[in-house]
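Novice: Here's a structure for you.
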Amino acid sequence: MTAVTATPSDPAVTPRVGPIEGLRQSLTLAWRTLVQIRHNPWELGDFSFQPIMFVLLFTYVFGGAISGSTGEYLTFALPGIIVMNMVFVTMYVGLGLNTDLTKGVFDRLRSLPLARWAPLAGRITADLVKQAWSVALLLGVGALLGFRLGASVVGLIGMVVLLLVFALAFSWVSVLVGVLAKDPEQVQLFGFTALFPVTFVSNVFVPTQTMPGWLQAFVEINPVTLLSDAARGLLVGGPVAGPAIGSLLWAAGITAVFAPLSVWGLKRRV
Amino acid sequence: MTDLMIDAADVSKAFGDVKALDGVSLQVPKGTVTGLLGHNGAGKTTLVNLLTTVLPLDAGGATVAGHDVTTDGHEVRSRIGLTGQFASVDEQLTGLHNLVLIARLLGASRRQAADRASELLELFDLAAAADRKVDTYSGGMKRRLDLAASLVGHPDVVFLDEPTTGLDPTSRLGLWEIVEKLVDDGTTVLLTTQYLEEADRLADSITVLSNGQVVAAGTAAELKADIGQRTVAITLAEAAAAPEALAALRRAGFSPIHDEGRRAMTIPVDAANALAAVVRALDDANAEVAELALHEPTLDDVYLTLTHQAAA
């Protein structure tokens, strides 16, 4: 028993679970999310085969027309495809959260003596593992097709870290969608209708200069573009500081807006 | 120290303008089953959610297993098990993994978690399906797994929110037996249900909720005696004798209920000894009786009377 008893105003945040214990719980919940993949191989297909398909289709169908040669195009497009895939994979956080909410699993977790942040942290941790896997897979496939790292190993590590930091921030968007959506289908619908255009209207697949002026304005400030430029700089060579800072500013902005909204939405939902 | 495992006093909760609970008090002694009866929207699930710290309460206070739900939520959560209205197990995991997950979250080692999970799967007759994904389970199996999940941490108090809704009779019976076994082992149970039969069989005491308020509380026998109505059911030998029999019964101060042309009639009575008065009245009318029976009130009568009163 503690001598000094705090009087928390909200039972939902009673701080009784230490950070180490909370971390252990988060990792257990992350394990749960990753074990699910073993039982749902199609999910693995979603964030493994789909991006590989994108690489193959764009490189061999459009590559020659856009860059003159497929090899040159691969160098241009692969970093962007890695970024685009990161954005899509982030949606699994919201999808899983929504499934837990609609199936009542979230209520069960709330009735257990867990750190209140553990369920969310577990989801996001599992997502970061999926992200790392996707990046490794895409780089591996790229290497097989002839993609050569033009920069150092430090550049590669830098790209992975930058990508994961942005994924962490973008998870909050996914959490909010997961909390607001009525069912998992709506989360998937959001992924298609909102994320598809946002990721496509960028310089992932084609250089910005080939687009009409009004579109260029949007493409240039799109975080997907900034991240893709930073990834190109870090993997292949080229300017890094500008796009990297721009990406981090976006990450900070997204977190500042969506983290409080998500927490508010989650409190309202349960 | 008190031996009340649930002690709620004047608990209120509103969702916007809707008062889900309005000054509800509830006391559950250790090792007993309390049945919470009420129609949909009466506030049963809300009360369970407040007591399990899933939702914060607006007013009043409650302790569960001796700990305040508002200031000591973590301690409460360490001592309870919750089985929700819908089987809240992860359908994308196997039965075994579901239980291992909960055990690990409660701090068990890998080994302990695996042992506890196997033990529960055995107890709930799910051992054969341990490595199957839960979305291949039948409704009854999911419910059993859900209940098993809420028992992983050896809780002192178990909350069962409509545990048998949607189950077939065999599965329901199986679940009842498990609950009875739990209580024999000293666990305290709060059970919400819409099935009066279930409350009658399992609950030591019953609390009836209507529109967020307690409208009656007591043992099943007390509720039946206080609120229920005994009735005498009579079948006359001939329908032609009915008018005279009815007239005689009314003269004796009864209010018989009778459909014209039928031989049967029902007479609400207050006490068992009214039976003699009924027989005398029928004898006066020279009505020959083919069948006569005294019916004790059922919990259904109690429930219908109460909820009808509350709605009126």
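Novice: With respect to the numbered conditions (1) of a type in the set (Phe, Trp, Tyr); (2) closer than 19 Å to A:GLY238 by Cβ; (3) under 23 Å from the mean Cα position of the chain (by Cα), which one is the sole condition not fulfilled by A:TYR73?
Specialist: (3)
Novice: Taking interchain pairs and intrachain pairs at least six residues apart, which have beta carbon atoms under 6 angstrom, with the first residue in region B:60-73 and without any contact (Cβ under 8 Å) to a residue 12 or more places away in the chain and the second buried (at least 21 other Cβ atoms within 10 Å of the Cβ) and not β-branched (Val, Ile, Thr)?
Specialist: Partner pairs satisfying both residue conditions: none exist.
Novice: May I ask you to list the residues in region A:93-132 that are touching a Ser or Thr at 6+ places or on another chain (Cβ under 7 Å), acidic (Asp, Glu) and more than 18 Å from A:PHE258 (Cβ to Cβ)? Spell out the reasoning first.
Specialist: We begin by selecting, within region A:93-132, every residue touching a Ser or Thr at 6+ places or on another chain (Cβ under 7 Å); these are A:93-94, A:96, A:103-105, A:107-108, A:111, A:113, A:118, A:121-127.
Keeping just the survivors that are acidic (Asp, Glu) gives A:107, A:127.
A:ASP107, the sole residue that qualifies.
Novice: From the list A:VAL93, A:VAL129, pick out the single residue that is surrounded by fewer than 21 Cβ atoms within 10 Å (Cβ to Cβ) and under 14 Å from the mean Cα position of the chain (by Cα). Before you say what the answer is, go through the steps one by one.
Specialist: Details: A:VAL93 fails: surrounded by fewer than 21 Cβ atoms within 10 Å (Cβ to Cβ).
Testing whether each residue is surrounded by fewer than 21 Cβ atoms within 10 Å (Cβ to Cβ) and under 14 Å from the mean Cα position of the chain (by Cα) leaves just A:VAL129.
Novice: For B:SER78, indicate whether it is within 22 Å of A:LEU97 (Cβ to Cβ), facing chain A (nearest Cβ under 7 Å) and polar (S, T, N, Q).
Specialist: Working: within 22 Å of A:LEU97 (Cβ to Cβ): no; facing chain A (nearest Cβ under 7 Å): yes; polar (S, T, N, Q): yes.
No, not satisfied.
Novice: Got a sec? Which of B:LEU120, B:LEU99, B:LEU105 is facing another protein chain (nearest Cβ under 7 Å) and buried (at least 21 other Cβ atoms within 10 Å of the Cβ)?
Specialist: Every option except B:LEU105 fails the conditions.
Novice: Please find, within region B:50-62, the residue that is farthest from B:ALA216 (Cα to Cα) out of those that are more than 8 Å from chain A (Cβ to nearest Cβ) and surrounded by 21 or more Cβ atoms within 10 Å (Cβ to Cβ).
Specialist: Here the residue is B:LEU57.
Novice: Say whether the condition of being within 18 Å of the chain's Cα centre (by Cα) and more than 25 Å from A:ARG108 (Cβ to Cβ) is met by at least one residue in region B:9-27.
Specialist: Looking for residues that are within 18 Å of the chain's Cα centre (by Cα) and more than 25 Å from A:ARG108 (Cβ to Cβ), one finds at least one in region B:9-27, hence yes.
Novice: Another one. Of everything in region A:122-161, what is in contact with a Pro (Cβ under 7 Å, 6 or more places away or on another chain) and assigned to a loop (DSSP other than H, G, I, E, B)? Give them in sequence order. Steps first, please.
Specialist: Of region A:122-161, the ones in contact with a Pro (Cβ under 7 Å, 6 or more places away or on another chain) are A:134, A:138.
Scanning region A:122-161 gives no hits.
Novice: Condition first: surrounded by 13 or more Cβ atoms within 10 Å (Cβ to Cβ) and among the acidic types (Asp, Glu). Now tell me which residues in region B:227-259 satisfy that.
Specialist: The answer is B:GLU244, and nothing else.
Novice: Filtering region A:109-128 down to residues that are basic (Lys, Arg) and under 17 Å from A:ARG268 (Cα atoms), which residue is nearest to the other protein chains (Cβ to nearest Cβ)? Give the derivation first.
Specialist: Taking region A:109-128 first, the residues basic (Lys, Arg) are A:110, A:116, A:123.
Of the ones still in play, those that are also under 17 Å from A:ARG268 (Cα atoms) are A:110, A:116.
Working: A:ARG110: 5, A:ARG116: 10 Å.
Checking each candidate, the answer is A:ARG110.
Novice: Within region B:63-75, track down each residue that is surrounded by fewer than 24 Cβ atoms within 10 Å (Cβ to Cβ) and within 8 Å of chain A (Cβ to nearest Cβ).
Specialist: Of everything in region B:63-75, those that are surrounded by fewer than 24 Cβ atoms within 10 Å (Cβ to Cβ) and within 8 Å of chain A (Cβ to nearest Cβ) turn out to be B:THR70, B:THR71, B:ASP72, B:HIS74, B:GLU75.
Novice: Which one is nearest to A:PRO207 (Cα to Cα), of the residues in region A:35-55 that are aliphatic (A, V, I, L, M) and surrounded by 14 or more Cβ atoms within 10 Å (Cβ to Cβ)? Spell out how you get there, then give the answer.
Specialist: Here is the first cut: in region A:35-55, the ones aliphatic (A, V, I, L, M) are A:35, A:37, A:44, A:52-53, A:55.
Still in the list and also surrounded by 14 or more Cβ atoms within 10 Å (Cβ to Cβ): A:35, A:37, A:52, A:55.
Details: A:VAL35: 40, A:ILE37: 36, A:ILE52: 21, A:VAL55: 16 Å.
Ranking the candidates gives A:VAL55 first.
Novice: Whether any residue in region B:185-193 is modelled with pLDDT of 90 or more, among the polar types (S, T, N, Q) and closer than 19 Å to B:ALA42 by Cα is what I want to check.
Specialist: Within region B:185-193, one or more residues are modelled with pLDDT of 90 or more, among the polar types (S, T, N, Q) and closer than 19 Å to B:ALA42 by Cα.
Novice: Right, something else. Quick check, is B:GLY23 assigned to a loop (DSSP other than H, G, I, E, B) and surrounded by fewer than 23 Cβ atoms within 10 Å (Cβ to Cβ)?
Specialist: When the stated conditions are applied, B:GLY23 does not pass them.
Novice: For B:LEU160, which of the numbered conditions (1) away from chain A (no Cβ under 12 Å); (2) hydrophobic (A, V, I, L, M, F, W, C); (3) more than 29 Å from the chain's Cα centre (by Cα) fails to hold?
Specialist: Condition (3) is where B:LEU160 drops out.
Novice: Would you confirm, using the coordinates I've provided, whether B:VAL302 is at negative phi and modelled with pLDDT of 85 or more?
Specialist: no
Every residue, every condition in (1) under 30 Å from A:THR59 (Cβ atoms); (2) in contact with a Phe, Trp or Tyr (Cβ under 7 Å, 6 or more places away or on another chain), yes or no:
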| site | (1), (2) |
| --- | --- |
| A:LEU74 | yes, yes |
| A:VAL87 | yes, yes |
| A:MET91 | yes, no |
| A:LEU97 | no, no |
| A:LEU101 | no, no |
| A:VAL105 | no, no |
| A:ARG108 | no, no |
| A:ALA121 | no, no |
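Novice: Follow-up. Which is buried (at least 17 other Cβ atoms within 10 Å of the Cβ) and either modelled with pLDDT under 90 or farther than 30 Å from B:LYS30 by Cβ (or both), of B:ALA203, B:ALA220? Before you say what the answer is, go through the steps one by one.
Specialist: On the way: B:ALA203 fails: either modelled with pLDDT under 90 or farther than 30 Å from B:LYS30 by Cβ (or both).
Result: B:ALA220 is the single residue among B:ALA203, B:ALA220 that is buried (at least 17 other Cβ atoms within 10 Å of the Cβ) and either modelled with pLDDT under 90 or farther than 30 Å from B:LYS30 by Cβ (or both).
The values are calculated or read from the model by the stated rules, or taken from the named source; none is laboratory data. It should be emphasised that the depicted structure is a prediction, and the values quoted were computed from it without experimental measurement. We place every Cβ from the backbone using ideal geometry, glycine too, and count neighbours over all the protein chains shown.
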